[in-house]
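Visitor: Take this structure first; my questions come after.
Read-outs: derived from the displayed coordinates by stated rules, not from any lab. Predicted model only: the values in this text are computed from it and were never measured. Cβ atoms come from the backbone with ideal geometry, glycine included; neighbour counts cover every protein chain shown.
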Amino acid sequence: MPEPSPPAAPLHLLKMAVGVDDIAHLRQLRAERHAERGGSWVYTRNRPRRAEDVLAGGSIYWVIRGHIRVRQRVIGFRAERDAEGRRYCLIEVDETLVPTVPRSCRPFQGWRYLSLGDAPPDRETQGAPPPERMLAELRELGLI
């Protein structure tokens with residue numbers, strides 16, 4: 001009898017947070033949308049083909065002002081249709097925003113897959129985070 005295959009490694013999604021200034025601004029926008037909609041999700045036209053791999057522990061990593069800065073765990077996908085019958089997908093996400101170690105990222109449209117090895121680690125929660133001004137200077141120097 002063949003052994004069951006090991007669980008899929010989590011796969012992540014990468015998405016631009018257009019018009020967002022920083023993590024606090026994204027937190028504010030996500031809270032407003034949650035209150036407005038009664039849930040926490042992200043709209044996209046196309047459902048990821050590898051959705052099962054994303055559901056195996058994946059997150060959406062948000063790119064804010066050219067840097068991956070924060071993530072939200074993906075908890076589900078829902079296929080929907082708009083009033084004209086066009087399909088779209090709702091990516092259901094956990095409400096918690098988890099700051100990551102900032103990493104630069106070029107602009108793109110839509111979303112992209114992000115492998116487990118390419119995902120930046122969560123920022124340490126011990127002690128206070130570095131001031132935003134210091135992080136900006138380190139980014140300008142290309143150190144983060």
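Visitor: Please state the relative contact order of the chain as a whole percent: Cα pairs under 8 Å, 6+ residues apart?
Guide: Rounded, it is 27 percent for the chain.
Visitor: A follow-up question, please. Quick check on the stretch 1-134: of the DSSP beta bridges with both residues there, what percent are antiparallel, nearest 5%?
Guide: That works out to approximately 85 percent antiparallel.
Visitor: Considering the Cα positions of the stretch 37-102, please state its Rg to one decimal place and its Dmax as a whole number of Å.
Guide: My reading of the Cα-based Rg and Dmax gives 13.0, 41 Å.
Visitor: Related question: Charges on Cβ only, +1 for Lys and Arg, -1 for Asp and Glu, centred on the Cα centroid of the stretch 26-73; of Trp41, Leu29, Gly66, which one is farthest towards the dipole's positive end?
Guide: Comparing the listed Cα positions along the dipole, Gly66 ranks first.
Visitor: As a check on your grasp of the helix formula, calculate [θ] at 222 nm for the chain: sum -39500 (n - 2.57) over DSSP H runs of n ≥ 4, divide by the residue count, round to the nearest 500.
Guide: Dividing the helical sum by the residues of the chain leaves -5500 deg cm²/dmol.
Visitor: Counting other Cβ atoms within 10 Å of each Cβ, which trypsin sites (Lys or Arg not before Pro) in the stretch 73-136 have at most 13 and sit in a DSSP loop? Intermediate values should be presented prior to the final figure.
Guide: On the way: sites: Arg73, Arg78, Arg81, Arg86, Arg87, Arg103, Arg112, Arg123, Arg133; in loops: Arg86, Arg123.
Counting only loop positions with at most 13 other Cβ atoms within 10 Å, the trypsin sites (Lys or Arg not before Pro) in the stretch 73-136 are Arg86.
Visitor: From the phi of every residue in the stretch 87-93, what ³J(HN,Hα) in whole Hz does the Karplus formula 6.51 cos²θ - 1.76 cosθ + 1.60 yield, where θ is phi - 60° and glycine or proline is x?
Guide: Along the stretch 87-93, the couplings run 7, 8, 10, 9, 9, 7, 10 Hz.
Visitor: Which value, in debye to the nearest 20, describes the size of the charge dipole of the chain about its Cα centre when Lys and Arg Cβ atoms bear +1, Asp and Glu Cβ atoms bear -1, and nothing else is charged?
Guide: 440
Visitor: Excluding Pro121 itself, what net charge comes from residues whose Cβ is under 13 Å from its Cβ, given Lys and Arg +1 and Asp and Glu -1? Intermediate results must be reported in sequence, preceding the final value.
Guide: On the way: positive: Arg69, Arg71, Arg103, Arg123; negative: Asp118, Asp122, Glu124.
Residues close to Pro121 contribute a combined charge of +1.
Visitor: Okay, moving on. In degrees, nearest 10, range 0 to 90: what is the angle between the Cα axis of helix 23-37 and the longest Cα principal axis of the chain?
Guide: Roughly 30 degrees between the two axes.
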